[in-house]
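The values are calculated or read from the model by the stated rules, or taken from the named source; none is laboratory data. Everything numeric in this text was worked out from a predicted model, so none of it was measured. Here Cβ is always computed from backbone atoms with ideal geometry, including for glycine, and neighbour counts include all displayed protein chains.
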Amino acid sequence: MKIKEMSLPGPLLIYPDAHSDKRGSFLELWNQKAFSQNGIRDKFVQINQSTSCAGVLRGMHYQLKSPQAKLCRLIHGVARDVIIDIRLSSPTFGQHTSWLMYAGDSHPMIYIPKGFAHGFLVLSERVVFEYFCSDYYSESDGQHGVRWDDPDLNLPWAINGNSEPVIVSAQDNSLPFLRDIPRNELPIYP
């Protein structure tokens, strides 16, 4: 397994070891011992999968009362993945990092610690996105998030000159800008 740091402290790019031969390939996606030795000590309790078509933007979401660390990967397709540090008192509060995610032979994954908002924009005809989550989804926690087009954040959705997603849910379009979120509705740095 290869692990690379991103431009924000916390999120990580992970390239699991893949073994291929004429029959196909074998991939170990999660090994508690190996990940723990590399600083990822979360225990994942829920696996989610979404399928989205070209131009769909999902995000920027987070849970507050039941925060989730996530281990994400694309099973099919290409997407622009964006992560925002929304932890109050964090030295990188309001900063973001992004990565062009793709399903491919290197099987890349991204680790997102608790306290970050997350979203992605579909760049291929279709994506299948898989999330390992460290806590259960909680409807009672409310739908927390930061608006995808927050002008203060200048999130890097632009790909090949196209900066506007085609399909955004009404819920995601009604999320507040980061500056307008009450401070008691944001996570606190450690």
(Q) I want to confirm something. Restricting to the range 118-159 and keeping residues that are under 15 Å from the mean Cα position of the chain (by Cα) and among the aliphatic types (A, V, I, L, M), which single residue is nearest to residue 181 (Cα to Cα)? (A) 146
**Q.** Flag if residue 74 is hydrophobic (A, V, I, L, M, F, W, C) and within 17 Å of residue 50 (Cα to Cα)
**A.** yes
Q.
If I filter the range 74-89 for residues that are modelled with pLDDT of 95 or more and of a type in the set (S, T, N, Q), do I get at least one hit?
A. yes
Q: Could you please let me know if residue 65 is assigned to a loop (DSSP other than H, G, I, E, B) and within 11 Å of the chain's Cα centre (by Cα)?
A: no
**Q.** Breaking point among (1) exposed (fewer than 13 other Cβ atoms within 10 Å of the Cβ); (2) within 14 Å of residue 60 (Cβ to Cβ); (3) not polar (S, T, N, Q), for residue 136
**A.** (2)
